[in-house]
Amino acid sequence: MKRLVFFSVVCNLAVSTSLVAQQAEKVDQAMIAKIKDEGLNRSKVMETAFYLTDVCGPRLANSEGLQRANQWTKDQLTKWGLVNANVEPWGDFGRGWDVEKSYVAMTKPYYHAMIGAPKAWTPGTNGPVKKQIVYVKAAAEADLDKYKGQLRDKIVVTEVTSPPKTGFEADAKRYSDEDLKKMADAPATPSARPAMTDDAMATYRARLALRSKMAEFLLAEGAVAVLSNPRGGSDGTFFTSNGAPYAADAKPVLPEIETAPEDQLRLIRLVEAGIPVEVEMETKTKFQTQDLKGYNVVAEIPGTDKKLKSEVVMLGGHLDSWHAATGATDNAAGCAVMMEAVRILKALNVKPKRTIRIALWGEEEEGLHGSKNYVKNHFGEAGKPTAEQEKLAGYYNLDNGTGKIRGIYLQGNEGVRPIFTAWLQPFADLGATTITPRNTGGTDHLSFDAVGIPGFQFIQDGIDYNTRTHHTNMDTYERLQPDDLKQASVIVASFVYNTAMRDQKLPRKPVAVTKPAQ
């Protein structure tokens, strides 16, 4: 009984403290109005997105496209008046890789131009090749034996494991009121994604092992090239990935093109019907091995308060992309919004108490390398913070496509709930009201959250991110939603401004530190 009473008192105190904090949280409504006016009526976000996508092009890790984007963003941030702009190395990454030419078509039993792109870090064909195809289907390593002696001088076509299905609803969707309520009411979770079961992990490892064995087998059997579609897609869309490691000492593999599933399945049906099929293809790819480092772009708006200017508020998104399109929603959208947020603040001649630092991360797609190593280099590890980490007030990230902001994930940090509630109130008319205790994963705020820094990702409408653009050949400028990106820019600018002007840094949640075994 005493425990119940004590629990009730604690809960009541927590609620009361939350309400008091919310009521006491200062929001400069006049400044928010100015941010809205600048960001909604004189926006440069789509112009920035154009340069990141159409002008800089695909931005694969350590590619020429990413190098162009690094230099352009550094120069643009400097033109807007930010200081200390730098393309900062974070450490060793691996080989760069670029596509110089790509072509694939079926030439027998008739001509048909196919949709496809080379898999990242695969070699070129050393000129055009026109060869008969062989369909190789293997669920286990033993299944490869039946193809021995049949693959020399052939182009191999592999299985399409996720055939396209006819859809009767639009790809693009926004969160409904019911969806947002569920998110708001959801309990906090230890991680964004449930841990894989032992069986699922075993299946995943077996699939990776089979893929590696198949690559070795095809190379040893003298095949010329590979056409694949490992992740499905529909309506001419295919998901792209890497066909070889980016490590400088990676083992050799065959040239490989990922194709639209409709094209791949046509080849398979013809072969299974006993009709000879011929494919013509040429890929020309280039490896960059002279500079194996990875880089982030950083720039600042200096703080002005005598006591607080050494403290920092950060915002960012990842600048790298995959290569089959121009990485518009993943993640030129997030980078354009973050750049627009600091442009808005500079246009308004804001004099923040704390320093505001934007970071555009490199090599996120291969494992959050840019942000993880930036955090390690500057802020230390969980339980072992550097002096620099103690001065970081918070970090905001955007990397879930082109959709407008609907709220924010707390990452289990209940201490910021009343603060963010107050900060979102001016944007209820723009559709941003939801606060969920849930975690969300897969992007760079996790690097900060992992060491105890308040790091947050905003809730965004999905639009057609997971069905059409994320890691696909359709991730282009046309998929961007201008009004959504404008809305996101003003909300990010206001959150960054509010964090920079608070008397206190954002509350932190405890970090679990694992003691080394004795």
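The values are calculated or read from the model by the stated rules, or taken from the named source; none is laboratory data. Just so it is clear, the structure is predicted and the values come from calculations on it, not from any experiment. So basically every Cβ, Gly included, is an ideal-geometry build from the backbone, and we count neighbours across all protein chains shown.
Couple of notes before you dig in:
- Some residue of the range 198-215 being modelled with pLDDT of 90 or more, touching a Phe, Trp or Tyr at 6+ places or on another chain (Cβ under 6 Å), in the same structural domain as I133 (by TED's automatic domain parsing) and surrounded by 12 or more Cβ atoms within 10 Å (Cβ to Cβ): no
- Subset tally (residues that are polar (S, T, N, Q), more than 29 Å from N229 (Cα to Cα) and in contact (Cβ under 8 Å) with a residue 40 or more places away in the chain) for the range 154-192: 2
- Among residues of the range 300-359, those that are of a type outside the set (A, V, I, L, M) and farther than 28 Å from G462 by Cβ, counted: 18
- Any chance G96 is touching a residue at least 12 places away in the same chain (Cβ under 8 Å), buried (at least 16 other Cβ atoms within 10 Å of the Cβ) and within 24 Å of G370 (Cα to Cα): yes
- Yes/no for G94 being touching a Pro at 6+ places or on another chain (Cβ under 9 Å) and under 25 Å from L208 (Cα atoms): yes
- Top-ranked residue in the range 464-500 [being polar (S, T, N, Q) and closer than 25 Å to G236 by Cα; ranked as surrounded by the fewest Cβ atoms within 10 Å (Cβ to Cβ)]: N466
- Of the residues making up the range 38-59, those that are in a loop (DSSP other than H, G, I, E, B) and within 19 Å of Q487 (Cβ to Cβ) number 3.
- L319 being surrounded by fewer than 24 Cβ atoms within 10 Å (Cβ to Cβ), in contact with a helix residue (DSSP H, G or I) (Cβ under 7 Å, 6 or more places away or on another chain) and either more than 19 Å from L506 (Cα to Cα) or in the same structural domain as K131 (by TED's automatic domain parsing) (or both): no
- From the list A172, A247, A223, the one residue that fits, being in contact with a Gly (Cβ under 6 Å, 6 or more places away or on another chain) and surrounded by 12 or more Cβ atoms within 10 Å (Cβ to Cβ), is A247.
- Residues that are small (G, A, S) and either modelled with pLDDT under 95 or within 19 Å of M214 (Cβ to Cβ) (or both), drawn from the range 117-163: A120, A138, A139, A140, A142, G149, S162
- Residue within the range 131-153 that is aromatic (F, W, Y), touching a residue at least 24 places away in the same chain (Cβ under 8 Å) and under 30 Å from D263 (Cβ atoms) present: yes
- Considering the range 167-193, and only residues there that are at pLDDT below 90 and among the polar types (S, T, N, Q), the residue that is nearest to E414 (Cα to Cα) turns out to be T189.
- Scanning the range 142-156 for residues that are under 30 Å from R95 (Cα atoms) and surrounded by 14 or more Cβ atoms within 10 Å (Cβ to Cβ) returns L151, K154, I155, V156.
- Pairing each residue of the range 23-39 that is farther than 20 Å from M339 by Cβ and at pLDDT below 95 with any residue that is assigned to a helix (DSSP H, G or I) and not aliphatic (A, V, I, L, M), provided the two are 6+ apart or on different chains, yields C-beta distances under 7 Å for E25/P418.
- Test: residue in the range 301-324 that is of a type outside the set (V, I, T) and within 19 Å of V104 (Cα to Cα): yes
- Only one entry in V375, V342 is in contact (Cβ under 8 Å) with a residue 24 or more places away in the chain and under 30 Å from A30 (Cα atoms), namely V342.
A quick yes/no check of all residues on (1) more than 14 Å from the chain's Cα centre (by Cα); (2) aromatic (F, W, Y):
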position: V298; (1), (2): yes, no
position: D305; (1), (2): yes, no
position: K309; (1), (2): yes, no
position: A328; (1), (2): no, no
position: K346; (1), (2): yes, no
position: N349; (1), (2): yes, no
position: W361; (1), (2): no, yes
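- Qualifying residue in the range 386-400 (condition: farther than 21 Å from E38 by Cα, part of a loop (DSSP other than H, G, I, E, B), in the same structural domain as G462 (by TED's automatic domain parsing) and in contact with an Asp or Glu (Cβ under 6 Å, 6 or more places away or on another chain)): yes
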